[in-house]
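**Student:** Provided herewith is a single structure, encoded as structure tokens, for subsequent inquiry.
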Amino acid sequence: MNQGKYVFAQLFDILPKYGFDKSVARYRGNSRVKGFTCWIQFLAMSFGQLTNRESLRDTVNCLAAHHKKFYHLGINFKVNLSTLALANETRNWQIYADFAQVLLAKARPLYLDDEFGLEISNTVYALDATTIDLCLNVFWWAHFRKAKAAVKLHTLLDLRGNLPTFISITDGKMHDVNILDELVFEPLAFYLMDKGYLDFARLFKMNSASAFFVTRAKTNLAFKRIYSKKVEKELGLRCDQTIKLTTYYSSKAYPEKLRRVKYYDKEQGKTYVFLTNNFEITAWEVALLYKHRWKIELFFKWIKQHLKIKRFWGETENAVKTQIWIAICTYLMVAIAKKELKIERNLYEILQIISVSIFDKTQLNQLLTESVLQNSENELSK
């Protein structure tokens, strides 16, 4: 069905173009634009992501080398450096943030039946943030420290499919816990967080929304034990307690009971103390749930290694956010292609094949099924 089309064009045929057009119209992205539309900007920036370009100039030069193929790539206007740079600086980054939500809505149903290591039917999210260091002299708006600039990617990851369902890009000074104020909690879903998100008022808000959390307790937690359950010590469990907070402010912020589970990790030689508001799952499942939080660390590592979000192609806040959101769109596009074409490869392998086959006319599913890679990685295999 895609006979004669370049791999690049086949990949973008998967995208819901009507959703992109709605996002553009919402922010009047094409207002007073003669030919270099938001769609062409998106294609050009995605081309840079997919082919692993090092800079905006590198992207434009690579496109220029194949200018005779523009029409077949869906690019019907000349792409030059100044035009693309100006578009990144001035066109509202929210266009691409909104389109990422459109792609997410398409991707999530494809991964609903995926297993992630636990037999739990609830949706399970991991919440964390990663910091991207920047040069203060160039990115003056990204406040972090006296001699350093940075942006933070606050991310909520659906562990079925490793799909980023929420991303907020802030300067480096914003404390991680404040992002809880921006989330709309899903009833019966689990939220896995490290102890940097331990704020009892915010956790009680999550509890009131009928959502569950699993986080780590701080060493100075003051509480009284109400009840203890027997635990399987051979698994590393040390206690499973029902508790109430005892200090004035914490008990006011979280007046309900909590569950405290202590676990000893023999491999690492460390003891972990978990807090949760779920009293139905086993203590072992509480420990296993938190163990799966590491997948968001792998997600951050993966996108930093395989997408262009560590070195930015523009200096303004709008250009940085545009680049990050288009990178996320690229990630989601590949995730959708993987499921719709029923490809067994991991996302790294798919990106690796596409990056060297962008101008091939092989059918995409055939290319991704039959290609043999010399070097593959197992990170984010789903």
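Each reported figure results from applying straightforward, stated rules to the coordinates on display, with no laboratory input. No experiment lies behind these values; they were computed from the predicted model shown. Here Cβ is always computed from backbone atoms with ideal geometry, including for glycine, and neighbour counts include all displayed protein chains.
**Student:** Can you list the lysines whose alpha carbon sits under 16 Å from that of residue 195, skipping same-chain ones fewer than 8 residues off?
**Tutor:** Output for residue 195: 218, 262, 270, 291.
**Student:** Along Cα→Cβ, 7 Å out, is where each label goes; now give me the distance between the ones at residue 28 and residue 201 in nm to one decimal.
**Tutor:** 3.9
**Student:** Any idea what angle helix 81-90 forms with the longest principal axis of the chain, computed on alpha-carbon atoms, 0 to 90 degrees, nearest 10?
**Tutor:** Helix 81-90 sits roughly 40 degrees off the main axis of the chain.
**Student:** Which Cα, out of 351, 100, 154, lies furthest along the positive dipole direction of the chain (beta carbon charges, K/R +1, D/E -1)?
**Tutor:** With unit charges placed on the Cβ atoms, the residue in question is 154.
**Student:** Using amide H atoms built 1.01 Å from N in the peptide plane, name the residues 5+ places from residue 149, or on other chains, whose amide H lies under 5 Å from its own.
**Tutor:** Close amide H contacts, sequence-distant or interchain: 134, 136.
**Student:** Still on this structure: Under the definition of Cα pairs under 8 Å and six or more residues apart, what whole-number percent is the relative contact order of segment 194-292?
**Tutor:** On the way: 166 pairs, mean separation 26.6, N = 99.
Value for segment 194-292: 27 percent.
**Student:** Also, quick follow-up: Pop out the ³J(HN,Hα) list for segment 258-263 in order, Karplus 6.51 cos²θ - 1.76 cosθ + 1.60 with θ = phi - 60°, rounded to Hz; leave Gly and Pro as x.
**Tutor:** Taking θ as phi minus 60°, the curve returns 10, 10, 10, 10, 9, 9 Hz for segment 258-263.
**Student:** Whole angstrom only: what separates the Cα centroid of segment 276-310 from the Cα centroid of segment 171-229?
**Tutor:** That distance is 15 Å.
**Student:** Can I ask one more? Applying 1/(1 + (r/R0)^6) with R0 = 45 Å to the Cβ-Cβ distance of residue 252 and residue 69, what FRET efficiency is obtained, to the nearest 0.05?
**Tutor:** 0.10
**Student:** With Kirkwood's inverse mean 1/r over C-alpha pairs for Rh, give me the Rg to Rh ratio of segment 194-292, two decimals please.
**Tutor:** 0.95
**Student:** Return the Rg/Rh value of segment 124-197, two decimal places, where both radii are evaluated on C-alpha atoms and Rh is the Kirkwood radius. Don't skip to the answer; put the middle values down first.
**Tutor:** Numbers: Rg = 13.8 Å, Rh = 13.2 Å.
Rg/Rh: 1.05.
**Student:** Here's another thing I want to ask about it. For volume of the Cα convex hull per residue in Å³, pick the label among [x] 163; [y] 212; [z] 144 that corresponds to the value derived from the coordinates.
**Tutor:** Identified label for the calculated read-out: [x].
**Student:** Leaving out same-chain residues fewer than 8 places away, which lysines sit with a Cα under 22 Å from that of residue 5?
**Tutor:** Reachable lysines: 17, 68, 69, 78, 338, 339, 342, 361.
**Student:** Further, regarding this structure: With a cut-off of 8 Å between alpha carbons and a minimum separation of six or more residues, what is the relative contact order of the chain in percent?
**Tutor:** Values: 632 pairs, mean separation 79.9, N = 382.
In percent, rounded to a whole number, it is 21.
**Student:** So how far, in whole Å, is the C-alpha centre of segment 331-350 from the one of segment 105-144?
**Tutor:** 18
**Student:** Would you kindly derive the ³J(HN,Hα) couplings of segment 170-182 from the backbone phi angles with the Karplus curve 6.51 cos²θ - 1.76 cosθ + 1.60 (θ = phi - 60°), listing them in order in whole Hz, with x for Gly and Pro?
**Tutor:** Coupling constants for segment 170-182: 10, 6, x, 7, 5, 6, 4, 5, 5, 5, 4, 5, 8 Hz.
**Student:** Round to the nearest 10 and give me the degree value, 0 to 90, for the angle of helix 38-50's Cα axis relative to the longest principal axis of the chain.
**Tutor:** Rounded to the nearest ten degrees, it is 70.
**Student:** Shifting gears a bit: Taking the chain as a Gaussian network, where each spring joins two C-alpha atoms under 10 Å apart, which residue of 68, 291, 270 fluctuates the most?
**Tutor:** Answer for the Gaussian network model of the chain: 270.
**Student:** On to the next question. Net charge near residue 150, counting Lys/Arg +1 and Asp/Glu -1 over other residues with Cβ under 11 Å of its Cβ?
**Tutor:** After counting each charged neighbour, the total is +2.
**Student:** Amide H neighbours of residue 213 under 5 Å, at least 5 residues apart or on other chains, H built in the peptide plane: list them.
**Tutor:** 191, 277, 278
**Student:** Fewest Cβ neighbours within 10 Å first, please rank 159, 112 accordingly.
**Tutor:** Working: 159 26, 112 10.
Ranking 159, 112 by Cβ neighbours within 10 Å, fewest first, gives 112, 159.
**Student:** Can you tell me the FRET efficiency between residue 78 and residue 305 if r is taken as the Cβ-Cβ distance and R0 is 30 Å, rounded to the nearest 0.05?
**Tutor:** Working: r = 32 Å, r/R0 = 1.07.
So, using R0 = 30 Å, E works out to roughly 0.40.
**Student:** Who wins for biggest fluctuation among 180, 163, 347 in a Gaussian network model of the chain, springs between alpha carbons below 10 Å?
**Tutor:** In the Gaussian network model the winner is 180.
**Student:** Can you compute the charge dipole magnitude of the chain about its Cα centre, using +1 on each Lys and Arg Cβ and -1 on each Asp and Glu Cβ, nothing else charged? Give it in debye, rounded to the nearest 20. Spell out each step's value before the answer.
**Tutor:** Values: 55 positive and 38 negative charges, 180 e Å.
About 860 debye.
**Student:** Which net charge results when you count Lys and Arg as +1 and Asp and Glu as -1 among the other residues whose beta-carbon is under 12 Å from that of residue 198?
**Tutor:** Working: positive: 195, 202, 216, 218; negative: 176, 194, 199.
Charge balance in the 12 Å sphere: +1.
**Student:** Classify segment 150-239: rounded, prolate or oblate, from the alpha-carbon gyration tensor (a ≥ b ≥ c, eigenvalue square roots; a/c under 1.5 rounded; otherwise prolate if a/b is larger than b/c)?
**Tutor:** Prolate shape, in that a/c is at least 1.5 and a/b is the bigger ratio.
**Student:** Please give me the summed charge of the neighbours of residue 245: other residues whose Cβ is under 11 Å from its Cβ, Lys and Arg +1, Asp and Glu -1.
**Tutor:** In short, +4.
**Student:** For residue 58 and residue 14, compute 0.36 nm times the residue count separating them, minus their Cα-Cα distance, and round to one decimal in nm.
**Tutor:** In short, 13.2 nm is gained.
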